[in-house]
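Input: a single structure, listed below in C-alpha cells.
The values are calculated or read from the model by the stated rules, or taken from the named source; none is laboratory data. This is a predicted model, so every value here is computed, not measured. All Cβ positions, even for glycine, are placed from backbone atoms using ideal geometry, and neighbour counts span all protein chains on display. Areas reflect the complete protein model, heavy atoms only, side chains present, ligands, DNA and RNA absent. Shrake-Rupley method; radii C 1.70, N 1.55, O 1.52, S 1.80 Å.
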Amino acid sequence: MAQDVTSGVCGAPRTMRDLLGVATLVLAAGMPWVLPAAAGETNLKSPQNVEVSIIDDTFVLKWNQSDESVGNVTFSADYQTPGMDNWEKLPGCQNITSTECNFSPLKINVLEELNLRIRAEKGNNVSSWSMVDSFIPFEQAQIGPPEVHLEPEDKAVIINISPPGTKNSVMWATFTSSIIYSVDIWNKSSSAKNWTEIVIPGSRIYDLSPETTYCLKVKAGPRLQRKVAFYSPTYCVNTTVENKLPPPENIEVSDENQVYVLKWNYTHENVTFQAQWLHAFRKKIHENYSGRWKQIPNCENVTTTQCVFSQNVFPNGIYYIRVKASDGNNTSFWSKEERFEAGRQDYIPPPVIDLKPINNSSLRVCFGDPKGSQNKPVNRHPSLIYEIQFWENTSNAEKKIVKERADFTFPNLKPLTVYCIKARALIENAKRNLSSDFSDTVCKKTKPGTTSKTWIIAGICIVFLIPVVLYTVKVLLKFINYVFFPSKKPPSTIVECFPEQPLFFSTSEEQTERCFIIENIDTASVLEETNQIDENYKIYNSQTSQDSGNYSNEDENSGSKTSEEFLQEETE
C-alpha cells in the first residue's frame, strides 16, 4: 500500500523510509531563515507612518523607523503603475539609510494612479512590506514658492515671476497657462495693511509712491482648482525718483467704421507719443515678452492725444496696447497696458431716443440705432441694456430705471405735463462691462386729459353763446316793453307835424279811432304829385291815425270829413 501512495511522486522512492529522507532534506534547506531567531536576534519591523510629499516636480517618500535600537538598517521601496504586472524598484529609494528618499527621477504619467511599498533590510533579514495607499501624483502635488525678480519705476514695480516647477516641468507642463499669481504687497514704512493683487508675470503693480520701500511675496495657483501653495520669500524694493514726464492715462480704443481710434489723456504740452501692441497669448506662456512689443502704424511720434489706424492691422484676437510720451530730452514710463479685443465692438455709441405721447398719461420710448461718423447706422449689440434717467421738467427729482427692451412705455403720468429723458447703453456680462455716454436729453408733453377737453369745449361754447344769449335777452326785453309797457309819448314824427296843437290821448276807457277815407285814389295821386312837399305829412298823418288805435268821440258830421273836402282844404 505504501508503495502505491508514493509511486507517483516525481520518481521518489516507493518506500516510507525513502520518503522520510526527502523530508529531512527540505527542512535543512530552510535552516538559514530560522537560525537567526534561534541565535537570539530580533526580526525587523516594517517602517511606520509612510507618506508621500510632492511639491512641483519633487517627489519625496518619508517614513519612521519602527525600532531605532536596531542599527545598520536600510530601506528599499518598489512602485507599480496600472500597466505593470510586477513591482519595480523605485529609483532613488534603494538601500537608504535615512528615513526619506527622493524619487523625482521616476518617469511616470502624473495623472495615473501610483502604488508604492517599502520595507526595512539588514543583511539577509528583511521586514514585511509597508504599503502606501494608491494616489494620483497631480492631485497630491503642492505648488512650491515661485522665483521673483523686481524692477522698480517711480510709481510702479515690474514683477517678473518664474513659473513653478523646473524648466521642463512634468507636473505643471499642461497647466502653465492656467496658473495665476497672487501678490501680497505692503509699504514697509507704513502701518497700513497689505493688499493683494492678481498679476501676470512681467506685468506692473501700479499706483505706488516714488522713493518708497515696498515689500511683497508671491504664490501661484491653478485658476480653476484649489491646491496648497507656498509663498515665496519676501522681496523688498525701493521705487525711483518721480519722472519728469508722467505716463499717458485712460487708454481706450474705439471702433469707428473700418478704422480703430486710439485715444489717451495727457496734461503736458509739446510732447510726442508712441504706441505699441502685444499679442495677449505672450503673457500666458511665461516667457520674457519685453522684446515682443510692436509699433502700431500711424501711432509713432504723433503730437495729438489720439491716432487712427486700419482694422487690417489687427486680425481678430486679443491684444495689449501701451503708450508713452517724450519731449526729446525726457521719456515717460509706459502707460498702463490696456486690453483690447479686435473684431469686437468695444465702443458703444449713445442711443438715439424717440419719445412720443400716447395719451394723457403715457409716453412711449423707442431707442434707435445710432449713426456712425459717415452717417451710417451702427448695428445694435444684441445684449444691450439701457440705463434711463426720467424726470418731470419742472422737478429735479430723477427716476432711474434699467430696461432690457428698446421699446417701452412710461405709464401713470400727468396730463399736459412736460417730461424729459436721457439714457445710455450698457453691456454687462462675465467677460466685460462697457457703457456708452448719455444721450441728448429729449422732452415731450403728454396729451390733455378728458377733463381738460371738456372744459375747453365748454369754454368755447360759452364764448359763442354769450353774444347769442345777450341778443336774445335784449330782443325779449324790447318785446315785453313794447307789449306791456307802451310809451305814452307820441312818436317824434307826430310832434313835428303838429308842433302847435296839443295832442291828447284818450285813456284806455276811451277806445276811439280817427280814420280818413280816401274815395278818389286818382285825385289823391294827382294831389300827391302836385304837392310833394306835404307828402311826408300825409303819410305820417295816416300812420299816426292808424297807430293810435283810438276812435274819436266827436260828432260824426263835425268830427269827420270826406276825402274831397280834406283834399280841398289841403289845396287851399
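Miscellaneous remarks
- Gain in span if fully extended, Val442 to Lys474, counting 0.36 nm per residue against the direct Cα distance: 6.1 nm
- Cleavage-rule hits (trypsin sites (Lys or Arg not before Pro)) in the stretch 235-339: DSSP loop, at most 15 neighbouring Cβ within 10 angstrom: Lys244, Lys284
- Anisotropy class assigned to the stretch 282-334 is oblate, per the alpha carbon gyration tensor with a/c at or over the 1.5 cut-off and a/b no larger than b/c.
- What the Cβ-Cβ distance of Asn250 and Lys45 gives, at R0 = 45 Å and to the nearest 0.05, is a FRET efficiency of 0.05.
- Residue-count net charge about Leu116 - beta-carbon cut-off 14 Å; Lys, Arg +1, Asp, Glu -1: -3
- Overall shape: oblate for the stretch 249-342, with the ratio a/c of the largest to smallest alpha carbon gyration tensor axis at 1.5 or above and b/c at least equal to a/b.
- Scalar couplings 3J(HN,Hα) for the stretch 240-256, obtained by applying the Karplus form with A = 6.51, B = -1.76, C = 1.60 to θ = phi - 60°, are 7, 5, 4, 6, 5, 10, x, x, x, 10, 6, 6, 8, 10, 10, 9, 10 Hz; x denotes Gly and Pro.
- Taking every protein chain into account, the accessible area of the stretch 148-238 amounts to 54 square angstrom per residue (probe 1.4 Å).
- Gain on full extension, evaluated as 0.36 nm per residue between Glu404 and Asn312 minus their Cα-Cα distance, stands at 29.8 nm.
- Among the protein heavy atoms of the stretch 148-238, carbon and sulfur supply 51% of the accessible surface, probe 1.4 Å, non-protein parts ignored.
- Rounded, prolate or oblate (a/c below 1.5 giving rounded, otherwise prolate when a/b exceeds b/c) for the stretch 188-311 by Cα gyration tensor: oblate
- Cleavage-rule hits, GluC sites (Glu not before Pro), the stretch 282-363, DSSP coil, Cβ neighbours within 10 Å at most 16: Glu287
- When the solvent-accessible area of the stretch 48-140 is split by element, carbon and sulfur atoms take up 40 percent of it, the probe being 1.4 Å.
- Sorting Thr304, Thr97, Thr176 by accessible area puts them as Thr97, Thr304, Thr176; the probe is 1.4 Å, largest comes first, and only protein heavy atoms count.
- For the stretch 88-134, the list of trypsin sites (Lys or Arg not before Pro) that fall in a loop by DSSP and count at most 12 other C-beta atoms within 10 angstrom reads Lys107.
- Number of Lys pairs (Cα under 29 Å; 8 or more positions apart or on different chains) in the stretch 148-238: 14
- Asp85/Ser169 FRET efficiency (R0 22 Å; Cβ-Cβ; nearest 0.05): 0.15
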